[in-house]
Amino acid sequence: MEKIEYMRRAIELARLGEGWTNPNPLVGAVIVRDGIIIGEGFHHRYGEQHAERDALKNCYERGNNPAGAEIYVTLEPCCHFGKQPPCTHALVEAGIGRVIVGSRDPNPLVHGKGNAYLRENGIEVEEDFLREECDALNEIFFHYITTKMPYVALKYAMTMDGKIATCTGESKWITGEKSREYVHVLRNKYAAIMCGIGTVLADDPMLNCRFSEAERKSDCKSSFELYGASNPLRIVCDSKLRIPENCRLVQTAKEIPVIVACCAEYVQSENMMGKIQRLEKLGVEVVMMPCNADGHADVSVLFEELGKRKIDSVLVEGGADLNYGVLESGNVNKIFAFIASKIFGGGAGAKSPVGGTGIEHPSDCFAFEIEKMQKIGDDVLIEYKRKVNGK
């Protein structure tokens, strides 16, 4: 095998932790001696041992001695005590001779210090090997660890003429089955999923990750073989607390957590306080937010609160108004736009993915750039990332 293949194997291993390591990064490691892999591992779950220690454990379990071997690791080894002891110490103690590192860790507790510690203890270190591919593993972690704000992705499905529903409001189904299955793969990667109250009232969604069903039918398999799906925290933006107490989100709140964000000024009546108490008994957490100028719960404040709770990522599956609100907040890092091979027509009578008041001049647009395109069944998925210096 070539060096590139070893690191790509480490990347493949790292992805096995998707949905379970948040807010920690995805990391994979491969130990090699004389062109043969003698141990490999990855970060399985938040709080459990890191990739390097997992690879060393695997090496010993195989009856191999890692002394003098080289290790390929997708992220700079940590050098501080957290929920786990430093990986740098384990590598030194094991007698590893050379460390090939993909990404540099932006965490101030680690950045540059992990690699420096290894060198100070006689280990050769090669940095930035396949860095671009390794960096792509952890766009969520890199954003969260440097800003303390969740990485926000906006997902919507529309027709070729940009509609999310017909003129009568019917929206099931715009995209094909394969695209809908892919959405569950996306949900598994994010710590939280957010929708607006309009979606709850119209569709009574579960907003869970039903990958076990999708895996049997889909080509878009990911990291579910070991632990199954990781259900995200479910968040409803509901300014006036209209959420029905018998909806599926509320009725399953004790199994999969639910936060309802409402505006404090709308819920001061005795009736509303009673509803809050009933929701809380059912397992729902009601969070009071200030109102923005449009009278909706301020999503910027909500994202700040989620960041404080170590919610490192949010997938927004909103209706047109919520989509505009999160875009206007300036917090959207990525957009997943599913485009179906259909046309609905209907002009202004059929909704588009983004509502709100809109902008007056093209120069005021929310600017993104295409990152990736792929065909999924009869649909097209375009991934956009926020344009540098864009609105």
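The values are calculated or read from the model by the stated rules, or taken from the named source; none is laboratory data. As the structure is a computational prediction, the values presented were derived from the model and not from experiment. When we count neighbours, we look across all protein chains shown, and the Cβ atoms used for this are built from the backbone with ideal geometry, even at glycine. Protein only, heavy atoms only, side chains kept; ligands, DNA and RNA dropped before computing areas. Shrake-Rupley method; radii C 1.70, N 1.55, O 1.52, S 1.80 Å.
Among the residues of the stretch 157-174, is there at least one that is farther than 30 Å from residue 297 by Cα and in contact with a strand residue (DSSP E or B) (Cβ under 9 Å, 6 or more places away or on another chain)? Quick ask: steps written out before the conclusion?
Quick first cut of the stretch 157-174, residues farther than 30 Å from residue 297 by Cα only: 160-161.
Retained after the next criterion (residues that are in contact with a strand residue (DSSP E or B) (Cβ under 9 Å, 6 or more places away or on another chain)): 160.
Within the stretch 157-174, one or more residues are farther than 30 Å from residue 297 by Cα and in contact with a strand residue (DSSP E or B) (Cβ under 9 Å, 6 or more places away or on another chain).
Just to be sure before I move on: is residue 149 in a loop (DSSP other than H, G, I, E, B), over 28 Å from residue 303 (Cβ atoms) and aliphatic (A, V, I, L, M) in the structure I sent?
no
Scanning for something open to solvent by less than 60 Å² (accessible area, probe 1.4 Å), modelled with pLDDT under 95, charged (D, E, K, R) and more than 25 Å from residue 250 (Cα to Cα), does the stretch 181-203 turn up at least one residue?
Looking for residues that are open to solvent by less than 60 Å² (accessible area, probe 1.4 Å), modelled with pLDDT under 95, charged (D, E, K, R) and more than 25 Å from residue 250 (Cα to Cα), one finds none in the stretch 181-203, hence no.
Identify the residue in the stretch 209-254 that is surrounded by 20 or more Cβ atoms within 10 Å (Cβ to Cβ) and of a type in the set (D, E, K, R) and, among all such residues, is modelled with the lowest pLDDT.
Only one residue tops the list, namely 238.
Run residue 326 past the list (1) open to solvent by 80 Å² or more (accessible area, probe 1.4 Å); (2) at pLDDT 90 or above; (3) touching a strand residue (DSSP E or B) at 6+ places or on another chain (Cβ under 8 Å) and report the number of the one that doesn't hold.
It fails just one condition, (1).
In the stretch 21-48, how many residues are within 23 Å of residue 80 (Cβ to Cβ), surrounded by 20 or more Cβ atoms within 10 Å (Cβ to Cβ) and of a type outside the set (Ser, Thr, Tyr)?
Qualifying residue count for the region: 11.
Return a yes/no flag: does the stretch 119-127 have any residue that is open to solvent by less than 40 Å² (accessible area, probe 1.4 Å) and more than 19 Å from residue 20 (Cβ to Cβ). Please lay out each step first, then the result.
Pass one, the stretch 119-127, residues open to solvent by less than 40 Å² (accessible area, probe 1.4 Å): 123, 125.
Then keep just the ones that are more than 19 Å from residue 20 (Cβ to Cβ); that gives 123, 125.
Taking every residue of the stretch 119-127 in turn, at least one turns out to be open to solvent by less than 40 Å² (accessible area, probe 1.4 Å) and more than 19 Å from residue 20 (Cβ to Cβ).
Would you be able to say whether some residue in the stretch 171-179 is open to solvent by 70 Å² or more (accessible area, probe 1.4 Å), closer than 18 Å to residue 372 by Cβ and modelled with pLDDT under 95?
Yes; the residues of the stretch 171-179 include at least one that is open to solvent by 70 Å² or more (accessible area, probe 1.4 Å), closer than 18 Å to residue 372 by Cβ and modelled with pLDDT under 95.
What is the number of the single condition among (1) assigned to a strand (DSSP E or B); (2) more than 20 Å from residue 198 (Cα to Cα); (3) not small (Gly, Ala, Ser) that residue 277 does not meet?
For residue 277, the failing item is (1).
Kindly indicate whether residue 313 is among the hydroxyl-bearing types (Ser, Thr, Tyr) and surrounded by 15 or more Cβ atoms within 10 Å (Cβ to Cβ). Step through it out loud before you land on a result.
Working: among the hydroxyl-bearing types (Ser, Thr, Tyr): yes; surrounded by 15 or more Cβ atoms within 10 Å (Cβ to Cβ): yes.
It is true that residue 313 is among the hydroxyl-bearing types (Ser, Thr, Tyr) and surrounded by 15 or more Cβ atoms within 10 Å (Cβ to Cβ).
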